[in-house]
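J.: Structure provided below as structure tokens; questions to follow.
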Amino acid sequence: MAIVRWDPFRELETLQGRMGRLFEEALGRPTERDLGAQGWAPAVNIYEDENQIEVTAELPGLEEKDINVNIENNVLTIKGEKKIEREEKKGSYHLVETSYGSFSRSFTLPGTVDQEKIEANYQNGVLKIGLPKKEETKPKSISVKVGKK
């Protein structure tokens, strides 16, 4: 069983990051990337045991209404938006490492997942998605009997 992360824009994002660093070094000032204006991708862990696959995504600062989980054509997609909180301040930032904006993460699911029983729970900034396996795909132990013919 393999869950494959689907990211059609990976190379483009890598190029954009390199270009941003080039401008940052040349101009000696924070770029838009540093100010958190670019989209972001939450950290995701995927764990599997004999009964289920569990996807955990770190989404601090989001509200439940800002998170969307959906499955289409055997692809699990987690989308959301972390909105920037604008405060009126007289000074200026030297560094902003907090990311804001929309994100989308997609993962191809194996055929062993029972899509009718999937559950998602969001608590303390962590989204947990339980993907139970179909009964017929769970491992079964078969005992071997020794006997006479």
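J.: Hey, can you tell me all the residues within segment 114-144 that are over 27 Å from residue 66 (Cα atoms), assigned to a loop (DSSP other than H, G, I, E, B) and not aliphatic (A, V, I, L, M)?
T.: 134, 138, 139, 140, 141, 143
J.: Anything in segment 47-74 that is modelled with pLDDT of 90 or more, out of contact with any Lys or Arg (no Cβ under 9 Å at 6 or more places or on another chain) and not acidic (Asp, Glu)? List them, or say none.
T.: 47, 65, 71
J.: Could I ask something else about it? For segment 82-109, name all the residues that are surrounded by 16 or more Cβ atoms within 10 Å (Cβ to Cβ), modelled with pLDDT of 85 or more and of a type outside the set (D, E, K, R).
T.: 103, 106, 107, 109
J.: Given the residues 147, 111, which is the only one that is closer than 15 Å to residue 53 by Cβ and in a loop (DSSP other than H, G, I, E, B)?
T.: Step by step, each of 147, 111 is checked, and only 111 is closer than 15 Å to residue 53 by Cβ and in a loop (DSSP other than H, G, I, E, B).
J.: Residue 77 versus (1) surrounded by 12 or more Cβ atoms within 10 Å (Cβ to Cβ); (2) at pLDDT below 90; (3) of a type in the set (S, T, N, Q): which is the lone unmet condition?
T.: Going through (1) surrounded by 12 or more Cβ atoms within 10 Å (Cβ to Cβ); (2) at pLDDT below 90; (3) of a type in the set (S, T, N, Q) one by one, residue 77 breaks only (2).
J.: Hey, another quick one. Quick check on this structure: which one of 140, 133 is of a type in the set (Lys, Arg), buried (at least 16 other Cβ atoms within 10 Å of the Cβ) and more than 14 Å from the chain's Cα centre (by Cα)?
T.: The conditions single out 133.
J.: Oh, and also: Restricting attention to segment 74-104, which residues are part of a strand (DSSP E or B), more than 12 Å from residue 40 (Cβ to Cβ) and among the hydrophobic types (A, V, I, L, M, F, W, C)?
T.: Answer for segment 74-104, where residues must be part of a strand (DSSP E or B), more than 12 Å from residue 40 (Cβ to Cβ) and among the hydrophobic types (A, V, I, L, M, F, W, C): 75, 76, 78.
The values are calculated or read from the model by the stated rules, or taken from the named source; none is laboratory data. From a predicted model like this one, the values you see are computed outputs, not experimental measurements. Cβ: placed from backbone, ideal geometry, glycine included. Neighbour counts: every protein chain shown.
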